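Notes follow once the structure below has been shown.
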Amino acid sequence: MSNVLPFKRPSPHQKHKGRSLCRRGFHKWKVKTEQKFDVKQGRLVTVLICERCGETKHKLI
């Protein structure tokens, strides 16, 4: 009884909320701190992930 699931489908507005900014190039980048060193190049790497769409971006230091 504790898990109640909604039976109504999300509207297109709710389904794509916040993604229109990402489509236009305005991502909300967040730093992922699990992997910091690239073994092949021997450099520090910053991995950035968009909070809205999940796209990744790598930045070498």
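The values are calculated or read from the model by the stated rules, or taken from the named source; none is laboratory data. All values reported here derive from a predicted model rather than from experimental measurement.
Filtering region 1-30 to residues that are under 15 Å from the mean Cα position of the chain (by Cα) and among the aromatic types (F, W, Y) leaves F26, W29. All conditions but one from (1) modelled with pLDDT under 85; (2) among the β-branched types (V, I, T); (3) assigned to a strand (DSSP E or B) apply to V4; the one that does not is (3).
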